[in-house]
Amino acid sequence: MAYLNIDAQAQNTYDAIVIGSGISGGWAAKELTGKGLRTLVLERGRDVRHVTDYPTTMMQPWEFEHRGQLNREVREQNPIISKCYAFYEGTEQFFVKDAEHPYVQEKPFDWIRGYQVGGKSLLWARQTQRWSDFDFTGPARDGFAVDWPIRYADLAPWYSYVERFAGITGNKDGLDTLPDGEFLPPHEWNCVESHFQKQVAARYKDRHVIMGRAAHITQPQPIHLQQGRAQCQHRTICERGCPFGGYFSSNSSTLPWAAKTGKMTLRPHSVVHSIIYDEKLGRATGVRVIDAQTKQMQEFYARIIFLNAAALNSNLVLLNSTSTRFPNGLGNDSGVLGKYVAFHNYRAGVSAQYDGNLDTTTEGRRPNSPYIPRFRNVYKQETDFLRGYAAGFSAGRISRSNQDGLGADLKESLLNPTLGGWYVGSHMMGETIPKESNFVALDSSQKDPFGIPQLKISIAYDDNDEKMVKDYQEQMTEMFTAAGFTNIRVRDDKRNPGLDIHEMGGARMGKDPKTSVLNKWNQLHAVKNVFVTDGASMTSTSTQNPSLTYMAMTARAADYAVKGLKKGLV
Amino acid sequence: MAGAVGGLISLPAWASGWTSETVRPLNPFLSRSQDELLADLAETIIPATDTPGAKALNVHQFIQKVVADCYDKPSAETFRKGLAAVDELAQKSFGKPFSQGDTTQRIGVLNQLAQSTDADQKNFYSMVKGLTIRGYMSSEYVMTNLTHYEMIPGRYHGCVPVPAKPISQTK
């Protein structure tokens, strides 16, 4: 019998295990297999294969039963996920339904998840700005979190590395707040966006309007064609899955690349229960998995483990990985695991009209828009709140038709719309401050359908966020006014935290093991063969979108891990 | 290079699996006669001219499906009540069921609904009109032949002159 057990153990043993197959897990899979490691990729959801498993990707608008509108039952049964902007009749299949995966909202938190191979990389809005040294040095300067153990220079070559492979469109703008990257040609501006850009440049030295940087292939390079990906076709229905691979997803890019090495084993329906810690060896030896279909618990073993379950679920896995050595969660000697969770604040927006440029309009569609990098409190503290916000910006024209009449007159007017003026809009992307009081923990009484404790989420806005909302509204109104926009309207939708889908932290990086969970290599201070390279590792949140940073950190950590394995450091 | 991209051309089975039959509601929300009345209402709002009207484009089936599947119960109830009121109003106005009226008589009934002091009737009117416009404008016929929807534009031009004619009159 002992012989058989050893055999089974050998069969379940790999060089590396990656937990999660989303943006960062896909990169871990690609890097580790690319370096020759036999890698098991665990995904709790079902398999989603590029092209064949995008059921709505080629559907015309009229082919949807309700022309896109959500079914009442789906809406009523999913009050949380229904709030997400990308959840509609064509995308339901890629979102976690509320009832299937419960969690405890100690304070209101809209947790948006995609449990399938590729995770949320199928659904993301694809904005990919680098973080700058203002972001990595910010906490030390402002004292709002612990100091990051890395600086921009540590990540810069890795940003370049992942950008070239993923395919990022953008313009080299030469801004210190937003370092340039390895860009494919930028998307085109429209006349009113250019107008706004010039007006802002003329009036403010330190405020810039630039074309968004996004994970779209505007001009395929050989590396993209080798992945089987083609030029972005401007369909702007990305969230249904792109059959061209025009935008970056794990499904179209990193996972098939990893599969081609012959070193990857992808195991869907694998809900990770915990990481196994061996007290004698003083290291993690594997992962306990509950098969989502059979509900059987199984163990898999490896020399290194990459945890990429998405920020809050990575916290959950660590918290649930208890042992005599780590009674409060794996690597949690500091007691900060699950704490200092932060997110982005997308509450506010400003819209207006513009009566100029009425002789021009736009043609085609663009899966991207201009962007206003953070300009508040960059060089010095100038407001009564910490940190700042970036903003999205775009302009367009709306066709209107008179819908008053009935009969042939109405029909005639519907088919002969007139172009209204230009509308402009902006939304804020504010940095929130990581605080001990914003935390996640395991609920002691409630279990999920797999018998794993539910995650209890206790996260809220604070006074800093309120001040930031107000400042964004005021500053954007001032900029819009300067550009000659009229009928300016500000909003604050007071959405719950979480709906921005940029939750970060809980297993933060830091120099001091007493106040952080991970070191500068995204390695658990206390368990050197476990790496966390998704949003859980973020010490602070910046104002930029985080996905590109997860990619760069993952590639960097994988490189370190494999080199370290050889040197015996891991 | 051609090899790498070639793999994208084979389409999965679902891509050609859709037909208009598969989107018919499983449990019809309205009886056949109510469905016909709804069709005549939609046709009155957007009639056949030199192009098909709402009835030929099955806009009434879309309306029925959206109300049955997507609307909350009170709105669906308002819809049913409104539909029942149509024939009563028609009988009062011109002594026949709505469907037997001529265009002027039918439009007269719709205007009565629009101006009704009964909130349900007014809401019913807005609902049917709004859904008729939506169903018509998002129908395959209109999007393909009249408004020239492009699934795959492949481009974005930010500053082009405003076209001289509305898109429905080009091509």
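Table for the structure above
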| item | result |
| --- | --- |
| Residue-averaged [θ]222 nm for the protein assembly as shown, counting only DSSP H segments that reach four residues, each worth -39500 (n - 2.57) | -9000 deg cm²/dmol |
| Mean Kyte hydropathy of 1.6 or more with a Cα span along the axis of at least 24 Å, helices from DSSP in chain A | none |
| Amide H contacts of A:Thr265 (H built 1.01 Å from N, under 5 Å, at least 5 apart or other chain) | A:Thr39, A:Leu40, A:Val41 |
| Residues listed by number, region B:41-81, amide nitrogen under 17 Å from B:Gln91 label point at 7 Å toward C-beta | B:81 |
| Most positive-pole-ward Cα, A:Val104, A:Ser250, A:Phe385, against dipole of chain A from beta carbon charges | A:Ser250 |
| Projected label distance in nm at A:Lys83 and A:Arg491, using a 7 Å step from Cα toward the beta-carbon | 1.5 nm |
| For region B:39-146, size of Cβ-based charge dipole, Lys and Arg +1, Asp and Glu -1, in debye | 120 debye |
| Rg/Rg_globular for region B:83-164, with Rg_globular taken as 2.2 N^0.38 Å and Rg from C-alpha atoms | 1.63 |
| Placed amide H near A:Tyr277: partners under 5 Å, 5+ positions off or other chain | A:Thr285 |
| Kirkwood Rh and Cα Rg combined as Rg over Rh, evaluated for region A:455-570 | 1.15 |
| Relative contact order (%) - region A:217-376, alpha-carbon pairs under 8 angstrom, separation at least six | 15 percent |
| Net length gained if the chain between A:Tyr204 and A:Arg365 were fully extended (0.36 nm per residue, minus Cα distance) | 54.9 nm |
| Mean Cα-pair separation over length for region A:64-113, i.e. relative contact order, pairs under 8 Å, 6 or more apart, % | 40 percent |
| Protein accessible surface hidden between B and A, which excludes ligands and nucleic acids, total in Å², probe 1.4 Å | 5100 Å² |
| Table column - 3J(HN,Hα) (Hz), region A:240-249, Karplus curve with 6.51, -1.76, 1.60, x for Gly and Pro | 8, x, 9, x, 8, x, x, 10, 6, 9 |
| Partner chain coverage, peptide A:411-419 - average Cβ within 10 angstrom | 5 |
| FRET efficiency, 1/(1 + (r/R0)^6) with R0 30 Å, evaluated for A:Lys566 and A:Gln9 via beta carbons | 0.80 |
| Peptide B:43-54 - average C-beta neighbours from other chains (10 Å radius) | 3 |
| Förster radius 35 Å - calculated FRET efficiency between B:His148 and B:Ser31, Cβ distance, rounded to 0.05 | 0.40 |
| 12 Å cut-off, amide nitrogen to a point 7 angstrom out along A:Ser445 Cα→Cβ, residues in region A:95-111 | none |
| Rg/Rh ratio calculated on Cα atoms of region A:144-255 (Kirkwood radius) | 1.03 |
| Peptides ranked, highest mean first, by Cβ atoms within 10 Å: ranges A:30-40, A:393-403 | A:30-40, A:393-403 |
| Isolated Cys in the protein assembly as shown, by beta carbon distance under 4.7 Å | A:Cys84, A:Cys232, A:Cys238, A:Cys242, B:Cys70 |
| Taking region B:39-146 and dividing mean pair separation by its residue count, relative contact order in percent (alpha carbons under 8 Å, at least six apart) | 30 percent |
| Positive-pole candidate from B:Thr49, B:Ile133, B:Val86, dipole of region B:39-146, charges at beta carbon | B:Val86 |
| Rg and Dmax of region B:39-146, Cα atoms only, in Å | 13.7, 41 |
| Dimensionless Rg/Rh of the protein assembly as shown - Kirkwood Rh, Rg from C-alpha atoms | 1.00 |
| Calculated FRET value between A:Gln60 and A:Asp404, using beta carbons and R₀ = 22 Å, to 0.05 | 0.15 |
| Region A:309-445 - Debye-derived log10 I(q)/I(0), Cα point model, q = 0.09, 0.13 Å⁻¹ | -0.57, -0.81 |
| Nearest-20 debye value, region A:150-262 charge dipole, Cβ charges on Lys, Arg, Asp, Glu | 160 debye |
| Percent accessible area from carbon and sulfur atoms, the protein assembly as shown, protein chains only, probe 1.4 Å | 51 percent |
| Hz values of 3J(HN,Hα) by residue in region B:77-90 - Karplus curve (6.51, -1.76, 1.60), Gly and Pro given as x | 5, 4, 5, 4, 4, x, 4, 5, 5, 4, 5, 4, 4, 5 |
| Within 10 Å of each Cβ in B:147-156, the average number of Cβ atoms from other chains | 6 |
| ³J(HN,Hα), Karplus 6.51/-1.76/1.60, whole Hz, each residue of region A:74-82, x for Gly, Pro | 4, 5, 5, 7, 10, x, 7, 5, 5 |
| Positive-end residue of B:Ala76, B:Gln112, A:Ile237, charge dipole of the protein assembly as shown with Cβ unit charges | A:Ile237 |
| Approximate spin-label separation A:Asn71-A:Lys107, in nm, with each point projected 7 Å along Cα-to-Cβ | 3.6 nm |
| Beta bridges per DSSP with both ends in chain A, % antiparallel, nearest 5 | 70 percent |
| Interchain or long-range residues, amide H under 5 Å from A:Ser540's placed H | none |
| Angstrom value of the Kirkwood radius, inverse mean 1/r, which spans all Cα pairs in region A:237-295 | 14.5 Å |
| Cβ charges +1 (Lys, Arg) and -1 (Asp, Glu), total dipole of the protein assembly as shown, debye | 1700 debye |
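The values are calculated or read from the model by the stated rules, or taken from the named source; none is laboratory data. These numbers were taken from a predicted model, which means no experiment stands behind them. Heads up, the Cβs are rebuilt from the backbone with ideal geometry, glycines too, and the neighbour counts pull from every protein chain shown. These accessible areas exclude ligands, DNA and RNA; they are computed on the full protein's heavy atoms, side chains included. Shrake-Rupley method; radii C 1.70, N 1.55, O 1.52, S 1.80 Å.
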